[in-house]
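> Here's a structure for you.
Only the coordinates and a few stated rules stand behind these numbers; no lab work does. Remember, predicted model here, so these are calculated numbers, not experimental data. Neighbour counts are summed over all protein chains in view; Cβ atoms, including those assigned to glycine, are modelled from backbone coordinates with ideal geometry.
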Amino acid sequence: METLFNSFSSIIVFLHVISAIVWVGGMIAIRFAVHYSMQEIEDPKIKLGRTLETLRRFFNMVIPAIIILLLSAIIMIIALKFKGTPLYNFVIAKEAIWTIMTIVFIVIFIKRKQASKAFEEGKFPLAKEKLMPIAQYLIPLNIILGLVAIYLGVTLRGF
Ligand code: HEM
């Protein structure tokens, strides 16, 4: 693992950082640009349909990002030997944050699926009810956690 990291350290850090950009940057763009823009659509059917489609396409990018983030992190923690150093606490904190963010993502994924089913059955108010917590709490929570993880990443990098 150490030689793997030494030979490909730039590409591994690159994959870690680009995955964080896709996940956290994507959530910020969706929540603060796409979400508000979508509110302008009057027709509930079009509004819900576009929201569901936007989330579906976003998930296609985020799922690989979540997996690559973890795989690159595992390679780094083994190769960089943080165990026994004061920085190890930050590694544990990042693992905890990744886990919580992934659980929150799974909740978002399930809620979108339920909303999509309700939408197909013509139950628009139910679809809206399922989508509401995604914008209200879940994405904002994951944005905050993601920003903390990025800050901890900068700390771990060392200077
Ligand atoms: C699975 C748990 C994680 C571990 C063990 C971990 C570990 C690390 C380590 C060791 C570095 C330093 C790399 C170096 O030496 O250059 C790093 C950097 C970084 N991490 Fe993580 N990470 C984890 C999850 C995350 C998450 C969830 C995010 C954001 C969503 C994230 C974003 C970043 C960023 C942006 C950097 C680059 C910082 C810089 O180069 O200044 N990491 N991470």
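> Taking only pairs six or more apart or across chains, which ones have beta-carbon atoms under 9 Å, a first residue in region 147-159 that is under 10 Å from Ala93 (Cβ atoms) and within 6 Å of the ligand (Cβ to nearest atom), and a second residue that is among the β-branched types (Val, Ile, Thr) and in a helix (DSSP H, G or I)?
The qualifying pairs are Ala149/Val24; Ala149/Ile97; Leu156/Val91.
> Among all residue pairs at least 6 apart or on different chains, which show Cβ distances below 6 Å where the first residue, located in region 74-93, is more than 17 Å from His16 (Cβ to Cβ) and assigned to a helix (DSSP H, G or I) and the second is within 10 Å of the ligand (Cβ to nearest atom) and not aliphatic (A, V, I, L, M)?
Tyr88/Phe82
> Quickly run through region 121-134 and pick out the residues that are hydrophobic (A, V, I, L, M, F, W, C) and surrounded by fewer than 17 Cβ atoms within 10 Å (Cβ to Cβ).
Step one: list which residues in region 121-134 are hydrophobic (A, V, I, L, M, F, W, C), which gives 124, 126-127, 131-132, 134.
Within region 121-134, Phe124, Leu126, Met132 meet the criteria.
> Could you please find all residues in region 10-56 being touching a residue at least 60 places away in the same chain (Cβ under 8 Å), within 13 Å of the ligand (Cβ to nearest atom) and not β-branched (Val, Ile, Thr)?
Within region 10-56, His16, Ala20, Trp23, Met27 meet the criteria.
> Moving to a separate point now. When you look at Ala149, is it touching a helix residue (DSSP H, G or I) at 6+ places or on another chain (Cβ under 9 Å) and over 19 Å from Arg56 (Cβ atoms), yes or no? Give the derivation first.
Numbers: touching a helix residue (DSSP H, G or I) at 6+ places or on another chain (Cβ under 9 Å): yes; over 19 Å from Arg56 (Cβ atoms): yes.
Yes, satisfied.
> Looking at region 100-120, can you tell me whether even one residue there is buried (at least 16 other Cβ atoms within 10 Å of the Cβ) and more than 22 Å from the chain's Cα centre (by Cα)?
So far as region 100-120 goes, yes, one or more of its residues are buried (at least 16 other Cβ atoms within 10 Å of the Cβ) and more than 22 Å from the chain's Cα centre (by Cα).
> On to the next question. Check whether at least one residue in region 121-140 is basic (Lys, Arg), part of a helix (DSSP H, G or I) and within 23 Å of Val34 (Cα to Cα), and report yes or no. Reasoning before the result, please.
So the first thing to find is which residues in region 121-140 are basic (Lys, Arg), and the list is 123, 128, 130.
Among the residues that remain, those that are also part of a helix (DSSP H, G or I) are: 128, 130.
After this cut, where a residue has to be within 23 Å of Val34 (Cα to Cα) as well, the list is 128, 130.
Looking for residues that are basic (Lys, Arg), part of a helix (DSSP H, G or I) and within 23 Å of Val34 (Cα to Cα), one finds at least one in region 121-140, hence yes.
> If you don't mind, another one. Name the single residue, out of those in region 57-95 being within 11 Å of the ligand (Cβ to nearest atom) and among the basic types (Lys, Arg), that is farthest from the chain's Cα centre (by Cα).
Lys81
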